[in-house]
Amino acid sequence: RRVLFRSILANPITWGGDTIIRLFDRHTLVKAHQLPMLQVLISGVSLISMDVAPVRFLMAAIGAAAGVAFYLVAADLAGERWAFPAALLFVTHPYILAVSTVPFQEILMLAGLLFAFHFFYTGRWLWASLFLAMACLTRFEAWPACPVLAAAWFLRGDRNFVRAVKAAVLFGWIPAAWLLANHGLTRTGHFALEFSANLWRLQRYAYLAWITAKFT
């Protein structure tokens, strides 16, 4: 990441659309249908300096943390022998490397999810819950991990009603709190899901398929 920090100083331009919006109005924590976790961090850094560089350093640090988390999960699943080359592939992937230098949400969500799975595998349930909550407050794509971890935790012990409630609370408290606070996925006037079938929506799916294939 030292090379990345030098690169940020040499090339301070922030690219992207959502990234500019997050930097333009730094202290409005909930923007449209976006979740607030990254904006909270940007706002905190901006209390110290309104320069763009500290925000980019923050993103680089989050990317580095995601690399560490990936290493830990790879070690949990395949052993330390394979963890380092796997993490090296992760942190040098051109797409992941690029989006972790400007304020996109994805790398923070990945870091939270990876740490959540690592702590789950090692039996540290509270830490798993906290990092999962961080991921769930970053992007909605993290939410499907909640029932997965809750079900896995429930099946590890006595399968009774009390344990089912504990599983739901331990791994689903942030989505539940968010839904209650906003009376739905987003505040009134915004949306996070759209079920309309039209040509432009199909074009979006084709674009996502192409991007996935391209960067894979």
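The values are calculated or read from the model by the stated rules, or taken from the named source; none is laboratory data. Keep in mind that what you see is a predicted model, and the values were worked out from it rather than measured. Positions of Cβ are backbone-derived with ideal geometry, glycine not excepted, and every protein chain shown enters the neighbour counts. Remember, those area values only see protein heavy atoms, side chains included, never the ligands or the DNA or RNA. Shrake-Rupley method; radii C 1.70, N 1.55, O 1.52, S 1.80 Å.
The mean sequence distance of close C-alpha pairs (under 8 Å, at least 6 residues apart), as a share of the length of the range 79-164, puts its relative contact order at 20 percent. Placing pseudo-labels 7 Å out from each Cα toward the beta carbon at V165 and F215 gives an inter-label distance of 4.2 nm. Can you give me the % of accessible surface on the chain that is carbon or sulfur? Probe 1.4 Å, all protein chains present, nothing else counted. C and S atoms contribute 70 percent here. Peptide packing for 14-26, 135-147 was compared via the average number of neighbouring C-beta atoms within 10 Å per residue; ordered from the highest value, the list is 135-147, 14-26. Largest to smallest in accessible area, the residues H183, H33, H93 fall in the order H183, H33, H93 (1.4 Å probe, all protein chains included). The residues of the range 41-101 expose, per residue, 51 Å² of accessible area to a 1.4 Å probe. Taking each DSSP H run with n ≥ 4 as -39500 (n - 2.57) and averaging over every residue of the chain yields -22500 deg cm²/dmol at 222 nm.
Expressed in units of 2.2 N^0.38 Å, where N is the residue count, the Cα radius of gyration of the range 103-206 is 1.24.
Taking Cα Rg over 2.2 N^0.38 Å as the quantity of interest, determine which of [x] 0.97; [y] 1.18; [z] 1.10 was computed from the displayed structure. Read-out from the structure maps to [z].
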